[in-house]
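Chemist: My questions all concern the structure below.
The values are calculated or read from the model by the stated rules, or taken from the named source; none is laboratory data. Small disclaimer: the values here were computed from a predicted structure and weren't measured. Glycine gets a Cβ as well: all are built from the backbone with ideal geometry, and neighbour counts include every protein chain shown.
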Amino acid sequence: MNKPFKSGFISIIGRPNVGKSTFMNQAIGQKIAIMSDKPQTTRNKIQGVLTQPDAQMIFIDTPGIHKPKHRLGEFMVRTAENTLNEVDVILFMINASEGYGKGDQYIIDLLQKVNRPVYLIINKIDLIHPDELLPLIEQYKDKYDFAEIIPISALHGNNVIHMLEVIKQQLEEGPKYYPDDQITDHPERFIISELIREKVLHFTREEVPHSIAVVIENVDQNGNNKLLIQATIVTERKTQKGILIGKQGSMLKKIGKAARKDIEALLGTKVYLELWVKVKKDWRNKQSQLHEFGFRSDEY
């Protein structure tokens with residue numbers, strides 16, 4: 001007798017920089033969400049699809065919940081909070097090396113209003129001594145009635161397979177929402193723009209914070225069996241534009257070279273990547289610019 005097919009939507013929430021994107025990439029087995037050691041890297045809901053012979057799990061990687069400082073930040077927090085009543089399971093992820101903080105209590109207060117099973121995922125256990133784990137579990141256990149507490153290392157894959165099995169058991173019988181070979185609901189242009197943005201964050205470090213957006217201007221097949229991708233990196237200040245371009249274009253070349261490798265791995269084809277930099281002052285606080293760059297909400 002065949003096992004019933006299970007499916008469901010799983011939201012991953014938590015403070016910024018707890019490893020939500022790293023976990024989703026690890027679970028899916030392919031890079032679809034950008035990773036950075038800077039907080040608030042994820043801006044939109046990113047759905048990753050894991051299809052197994054007996055189940056399909058759709059993970060929603062949400063922006064880190066934080067105190068917003070601009071309209072983009074408000075959009076990000078609202079995006080994360082709005083997923084809580086739209087899913088079958090919630091994974092509340094924390095950073096083992098940071099421990100309990102005020103931001104966690106804010107999320108726990110939100111969860112009190114939600115009628116969904118919530119799993120506490122203690123990530124980055126590779127960064128702490130094993131003796132520190134039990135006190136951490138005890139601390140959080142008293143704050144909320146979690147369905148289960150699961151320690152993992154998303155980066156190294158420790159305990160991730162067990163965690164996926166636990167989630168699968170929680171899901172009910174349901175349809176296959178996506179084809180077997182589909183790993184995300186986002187169009188390729190979105191993923192490409194995110195991979196470029198990841199490289200900007202990586203190479204510019206603190207010099208260019210989260211005041212950048214990446215717009216894919218054109219994707220076309222050129223005459224050399226390469227995919228031509230033209231993209232614009234938008235920033236808020238002229239000084240940041242100078243940093244992004246670098247001396248004789250060195251920084252832009254470095255960003256482009258690293259991004260191209262990830263894009264080629266994603267698409268399975270050779271890519272010719274052209275990058276430009278434009279300045280749009282204070283775009284994160286302008287509704288029209290937020291819409292133009294894909295940040296849409298009913299309240300904007």
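Chemist: Which one of these is at pLDDT below 90 and closer than 25 Å to GLN182 by Cβ: ILE263, ILE243?
Modeler: Sole residue among the options that is at pLDDT below 90 and closer than 25 Å to GLN182 by Cβ: ILE263.
Chemist: Need pairs with beta-carbon distance below 8 Å; first residue in contact (Cβ under 8 Å) with a residue 60 or more places away in the chain and within the range 263-281, second assigned to a helix (DSSP H, G or I) and surrounded by fewer than 17 Cβ atoms within 10 Å (Cβ to Cβ); sequence gap 6+ or separate chains.
Modeler: The qualifying pairs are LEU266/GLU188; LEU267/GLU188.
Chemist: Kindly establish whether LYS254 is modelled with pLDDT under 90 and farther than 15 Å from ILE191 by Cβ.
Modeler: So LYS254 fails the test.
Chemist: If you don't mind, there's one more thing I want to ask. Could you check the range 111-220 for helices (runs of 4 or more DSSP H) lying wholly inside it with 1 or more residues that are more than 30 Å from THR269 (Cβ to Cβ) and at pLDDT below 95?
Modeler: 133-141, 160-170
Chemist: With respect to the numbered conditions (1) exposed (fewer than 12 other Cβ atoms within 10 Å of the Cβ); (2) over 23 Å from the mean Cα position of the chain (by Cα); (3) in contact (Cβ under 8 Å) with a residue 40 or more places away in the chain, which one is the sole condition not fulfilled by GLN112?
Modeler: (3)
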